[in-house]
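Here is the structure we will look at, set down as C-alpha cells.
The values are calculated or read from the model by the stated rules, or taken from the named source; none is laboratory data. Given the structure is predicted, the values throughout are model-derived calculations rather than measurements. Backbone-built Cβ (ideal geometry, glycine too); neighbour counts: all protein chains shown.
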Amino acid sequence: YNAEENVHMSEEISESIPKTQRQVWIDAGISVLLLAVTVLAASQVLSITEIIVDRTNVSGSLLGVLTLGIASALPELTTALAGVRNKEEGISLGTLVGSNITNPLVGIGGGALISTYAVPIPLIKWDLPWEALTGIILWVILWLNKGKLGRKESIYLMVMYLVFVIFRSYLFPVDF
C-alpha cells in the first residue's frame, strides 16, 4: 500500500466528480442514453443469435453459452487490460476474480428472483464443479506466485477453458 499514490488517485477522482447540478444532469443523461444503447445492442445480438440457430445446425445452448460468455467477459477484459496498461494490476485481478463471484450469484439469483429457475443437470454435474476447480487452481497459482499471473499461467487458464468447452460439448451434447 502506498499512501502517496492513494492521495494522488483521490485527487484525480475528485477532479472528475461533477461540481454543478447541470453536470450531474448531463452525466445522468449520458448514463441513460448508454443504457438504452446497451439494451438495443443486446436485442440485436439476441435477434442475430436466433437467426444463426434457425439457419444452422448449431445448438441454441452452445451459441447461447458462447454469446453470453463473450458478452459478459468483454467489460471485464477491457477493465483488466486498462489496469495492466496503467500499471494497476490489482484492478485487473480484482475485476476478474470479482466477476467470477458477481456474475453467477447475481445472474442466477436475479433470474430466480424474477422467475423460478430450474437449474439444468449439466450445470450441477459439470459447470459448477468446473468453476469451483478453476477458482481453486487460480488461487493456488496466485498463492504460489505471490499474486502474480504471467503468460505461462494465463495460457494454462485459457487451455482450461478450451478443455471445459470440448468436454462439456462431448459429455452433454443434447444440452450443448
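Here are a few things to note about the model shown:
- Some residue of region 90-98 being closer than 18 Å to Arg151 by Cα, in a helix (DSSP H, G or I), touching a Gly at 6+ places or on another chain (Cβ under 6 Å) and not β-branched (Val, Ile, Thr): yes
- Residue under evaluation Val53, criteria (1) part of a helix (DSSP H, G or I); (2) modelled with pLDDT under 80; (3) closer than 27 Å to Ile166 by Cα; (4) not hydroxyl-bearing (Ser, Thr, Tyr), criterion not met: (2)
- Restricting attention to region 15-30 and to residues that are in a helix (DSSP H, G or I) and loosely packed, with under 10 Cβ neighbours inside 10 Å, the residue that is modelled with the highest pLDDT turns out to be Arg22.
- Residue match in region 39-48 (condition: over 30 Å from Pro173 (Cα atoms) and at pLDDT 75 or above): yes
- Once region 136-176 is narrowed to residues that are among the polar types (S, T, N, Q) and farther than 25 Å from Leu123 by Cβ, the residue that is nearest to the chain's Cα centre (by Cα) is Ser154.
- Residue that is under 21 Å from Leu162 (Cα atoms), surrounded by 13 or more Cβ atoms within 10 Å (Cβ to Cβ) and either aliphatic (A, V, I, L, M) or within 19 Å of the chain's Cα centre (by Cα) (or both), where the choices are Leu74, Leu66, Leu133: Leu66
- Selected residue (only one of Thr78, Thr95 is free of Cβ contacts under 8 Å to residues at least 60 places away in the same chain and touching an Asp or Glu at 6+ places or on another chain (Cβ under 7 Å)): Thr95
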